[in-house]
Structure formats: C-alpha cells, structure tokens
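As structure tokens, the structure follows; a few thoughts come after it.
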Amino acid sequence: MEKSKDGYLGIYAPDLRYRFETENGEMWAKASLYRALLAYYDFTKDKNVLKAVERGVQNVMDNCKINASTPYIAHAYGYGICHGLAFTDVLDQLYQLTHDSKYWDYALFCYKDFSSHDIIVESKDIQYKNIMNPDYRLRGHTAHSTEHLRSLLVAAYASGNPQLAEALSIYMKRLKELTTISGGIIGDEWIYGRKVDHTLIGYEYCTMLETLDAYTQYIQKTGDIRYADEVEILLFNAAMGARHPEKSAVAYLKTDNSYFMNRTLNGMRGNSRYKYSSAHQDVAVCCNPNAGRIIPYYIQNLWLKDKDGFIASMFGGCEVNTLFGKQPVSIREITDYPHSNRITFEVEVKKPAIFALKIRKPAWNKGFTLDTDYKEEGAYLIINRKWSGKSTFTLEWKAEVEKHEIAGEPYFTYGALVLALPVEATEIPGRIYKPGFQDFDYIPKNFTLYMHAGNEIPVKDGDHFNVNLYNPILQKMEQKTLVPMGHTLLRQVTFRKNTE
Ligand SMILES: [Zn+2]
C-alpha cells in the first residue's frame, strides 16, 4: 500500500498514479481499502481514520477533476476499471457521514464517466444507454452487474434526475428476471444474455454479496421494503445453500438443483468453480472473503431509522444500541429466525421516550400473533407509545408450506425458506491448505431425479418436511424428507411433474 503527504492512499508508486489509459486497479483498490477503513471508523470512531479517507478521496478529486477527466476510460480489457466504479460506495458513505454534497456530485460524475465510454469494458450492463435500450439483455460479469446497481442508485439520488430514477427501475426489473427461486442472480461469471435455469446456470458467491449490499442500500434510500423479502430469500437460501453446512468451505459457483459438485456443472461440462473450498486458489480468491462479509452486511442492515423511530426491516438475532434524538435506546431481538418465526423483542430506554417501532410484515406471512398493542399500516406493524425502562413483547409469524411452480416444475417454501430434497453424497477430499482448510468434491451415491405427483404437499415435522415423491426408476411413490436448502450439499429443489 502506498501513501504520501498529498493524501494519496492506493496501490501505485508516484510515477504511475492517475496516468492510465488502459486496465488499472487505481479506483478498485481504493474502493476496497476505503470501505474497510470506513467500517473501522464506524466501529472505533477514530477520527484520524475518517480524515485519512477524506484526504484520499480529495486526492482523487484533485487528480481526476470532476467533469473534466476520464477515470473510467480503457482502450482494452478493463476488469479492474469496472470494479473501480464501486468507488461510489465510498463517496456515498462519506456523504452520509459529512452531508457534504461534493461526494454525491463526484459519485454522479463517476457514473456518467463510466456510462460515456464506448469502450471494451468488462460489463456495459449499467451504462445508461444500454439500460434505456429496450432490446438490450444483461450480459456482463454478474459481480459487476450487481455491484454497479449501487452506483446507479447513488447517481439517481445525487442528481434527483427522473431519467436516472427510471433507469434504476428498469435495471431492478432486469436483475429480478435473472434471479433464481433461492435469490441467486445467474451468471457462471457471465450472464451472456441468458435466462434463468435452475440446473444449468450457476450463481457466484461474490454476486450474492454484491446483490445483498445493493438491495439493502436500495431499501435504505427508497424505503421500498418489499426488497427485504428478496434479501432474506437470498441470504437464507442461495447464500447459506452455497456454504458447506459443516466445514470451512464455500462453493464458488452453485446451482439451485445441485447434483454434482465435482468441478463439473452437474456432471456435464468441467468447471472447477463447482466445488467446496476454503480458498478456491486454483480459480480466484474472491468468493471466500466475500462469503465472510455477507452475514455482517445483513446484520448491519437489520434495523433502519426514520423520523418516527426504528424499523425492523429484516429479522435475526441481534442487538442494536442507538439514539432517538439524544436518548439512548437498546433493542434486542431474540429468535432462531428463519428456522423459527417467533421473535421476542426487548426495548430498553434510560429515560422515558415516545417513538415508534415499525416491524416489516414478510410477504409470505399467513397471519401473526403479537402480545402488545399495535396497529397495521401498509407493509408494517407499528407499535407507537411511550417507552420506559425495559419492555418485552413477542411476535410470531404464521407460515405454511407453499407450492409454487417455475418453468412448469413445482417447488416448495416454508416462510423465508426454500425446501430441498438432500441427495446423499460421497465426499472426495482434495487439496489441503492447512489443517481444517481444504477442497472437497461431492458426487451422488444414487442419482435419482424425483418427480412430483398429484397434489402432494410436504408436511412439517419439527425441522423437516415429509412428502411423497415419485421415483421414476423404480416407478413408485416413496416417502422422502425435505429440509431447508441452506442445510444441503447436493440437492433437488424443483421437481418435474409425473402426469402418468
Ligand atoms: Zn467470486
């Protein structure tokens, strides 16, 4: 890491800085470093760290003048340049910390500059002209296509421009169309203009982190709380379902229907991203560190604030210590969510205070019980009262096993959980990085694609779900057990219909 008296914090020696006309890591490295430094500042409140980031950003602004430079130009391969658009994350956070509009102005400039180049960049999906072209199909590197949503979001809010708001709305729809039932956005590195396929196209762990980060920021800026359901589905199903349930390993790429994880796409084309690993060093060490970020990013977005009080946007065991005005407020959620839909809230204030707690109603809920006074308003339950001392109340969402269909194939959910039939697997140990950190391949012991017949609906029995499915090899119905897909290695999630 290079630093100097002019405030530069980045990866290049003085003779190389800001002098690129092709691929470089100037903005990408800064985005990654400064995000980490701002997280450190958030935790420690060490003003020296905030000041270093502000000086680093000012150094960018001094060397790449707003509306008079081209930080995102490339004449060839531009993978690092593309990731560098996420520098807008830093600018947005600095705006939120300082309320200095120069940061938002510069974020808007970054998006406009990135949009303006008709060059060979790795992903052009976020460029304004492509979003407004109704015939354009997303085709970029999915990690870019999802992280860039945050840049467009900041640009739309920084400018207040209704054309960018429209572009944002179009882009959100395009991403939704590429989302699998577990919340993963497809792209086995690349989207290539394809449509969702639950068996033949995987999603990357990096993409899941970038999507979760983008959607939670979207909720924060727009107040569109429907996306909280998308975030929960993504985390509890695609993301937990691509993490090894017992070992320190994740899948780089994973499909919803996952029959082989032996460096092949479900036993067909070779691709060493389809395995479990502590590092994936043979491919790229991107997904493992990003997998480590996804739960903290989820937790830090569980609670939002508005002028009336606090909003439980998503659920999970947590504790938040904050202020309402100048009054300290502590809120705890005690729950096994999403494996139980019962949540106990403890609210504690030092001095009596009047504020509202708004609790999001998950889209899947079939009713609820709540043992305190409340009112229902739109997407929320609202508890608005004078709080004093410690108050405790318990909320329980009612859930049902639900049958859905995708491309004519039934699948099942219970609350925020997508259910899967585990496929018994043989483990093939691979490269050892150090004890406890290793690669593993998995192949099925008996490969049978079960089918759905009649009106069979799984029946909940504790933490698993019993259902009769048709075995097309033995040509008979068998009782099988489904579990949340987040608990599985190999699995079947969608079931072809047996109509015989
Ligand atoms: Zn990755």
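The values are calculated or read from the model by the stated rules, or taken from the named source; none is laboratory data. These numbers were taken from a predicted model, which means no experiment stands behind them. Don't worry about glycine lacking a Cβ; one is built from the backbone with ideal geometry, like all the others, and counts go over all protein chains shown. Only protein heavy atoms, including side chains, enter the accessible area calculation; ligands, DNA and RNA are left aside. Shrake-Rupley method; radii C 1.70, N 1.55, O 1.52, S 1.80 Å.
Listing for the model above:
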read-out: Shape call, segment 1-123: gyration tensor on alpha carbons, a/c limit 1.5; value: prolate
read-out: Karplus-derived HN-Hα couplings along segment 303-317 (A = 6.51, B = -1.76, C = 1.60, θ = phi - 60°), whole Hz, x at Gly and Pro; value: 10, 10, 10, 9, 5, 8, x, 10, 10, 7, 7, 9, 10, x, x
read-out: Heavy-atom SASA rank of V154, V49 (probe 1.4 Å, accessible area, largest first); value: V49, V154
read-out: Solvent exposure, largest accessible area first (probe 1.4 Å, DNA, RNA and ligands not counted), of E377, E189; value: E377, E189
read-out: Spacing of the two label points (7 Å from each Cα toward its C-beta) at N63 and K476, in nm; value: 7.3
read-out: Gain in span if fully extended, D105 to M268, counting 0.36 nm per residue against the direct Cα distance; value: 53.8 nm
read-out: Peptides ranked, highest mean first, by Cβ atoms within 10 Å: ranges 385-392, 439-446, 30-37; value: 30-37, 439-446, 385-392
read-out: Over segment 386-486, relative contact order from alpha-carbon pairs under 8 Å, at least 6 apart, %; value: 22
read-out: Mean Cβ count within 10 Å, highest first, over the residues of peptides 132-139, 108-115; value: 108-115, 132-139
read-out: Near-label residues of segment 73-98 by backbone N, under 14 Å of a point 7 Å along Cα→Cβ of K326; value: none
read-out: Distance histogram in 10 Å bins (all Cα pairs of segment 361-500, percent per bin); value: 10, 29, 24, 18, 13, 6, 0
read-out: Residue-level accessible surface for K195, protein heavy atoms, 1.4 Å, Å²; value: 140
read-out: Accessible-area composition of the chain, carbon plus sulfur, in percent [1.4 Å probe]; value: 51
read-out: Cut-off under 5 Å, modelled amide H: who pairs with L253 long-range; value: Y274, K275
read-out: Mean Cα-pair separation over length for segment 238-308, i.e. relative contact order, pairs under 8 Å, 6 or more apart, %; value: 24
read-out: Net charge of neighbours whose Cβ lies under 10 Å from the Cβ of T369, counting Lys and Arg as +1 and Asp and Glu as -1; value: 0
read-out: J(HN,Hα) series, segment 123-138, from Karplus relation 6.51 cos²θ - 1.76 cosθ + 1.60, nearest Hz, glycine and proline x; value: 9, 9, 4, 8, 4, 3, 5, 6, 5, 7, 8, x, 8, 6, 10, 4
read-out: Viscosity 0.692 mPa s, temperature 37 °C, Stokes-Einstein D of segment 2-302 from Kirkwood C-alpha radius, µm²/s; value: 166
read-out: Long-range amide H partners of K480 with built H, under 5 Å; value: V467, N468, L469
read-out: Relative contact order of the chain, pairs being alpha-carbon contacts under 8 Å that are 6 or more residues apart, as %; value: 10
read-out: Summed residue charge, Cβ within 12 Å of F412's Cβ, Lys/Arg positive, Asp/Glu negative; value: -2
read-out: Residue-level accessible surface for D89, protein heavy atoms, 1.4 Å, Å²; value: 10
read-out: Net charge contributed by nearby residues that have their C-beta within less than 12 Å of R150 (K/R +1, D/E -1); value: -3
read-out: Net length gained if the chain between R496 and R293 were fully extended (0.36 nm per residue, minus Cα distance); value: 69.5 nm
read-out: Segment 17-99: GluC sites (Glu not before Pro) in DSSP loop, at most 12 other beta carbons within 10 Å; value: E21
read-out: Calculated from backbone phi, Karplus (6.51, -1.76, 1.60) coupling profile of segment 326-339 in Hz, x at Gly/Pro; value: 10, 8, x, 10, 10, 10, 10, 10, 10, 6, 9, 3, x, 7
read-out: Virtual spin-label span in nm between K445 and R385, 7 Å along Cα→Cβ; value: 5.3
read-out: Sequence-distant lysines (8 or more away, or on other chains) whose Cα lies within less than 28 Å of K476; value: K403, K445, K460, K497
read-out: Interchain or long-range residues, amide H under 5 Å from V329's placed H; value: T322, L323, F324
read-out: Theoretical gain in end-to-end length, T344 to A165 [0.36 nm per residue, Cα-Cα removed]; value: 60.7 nm
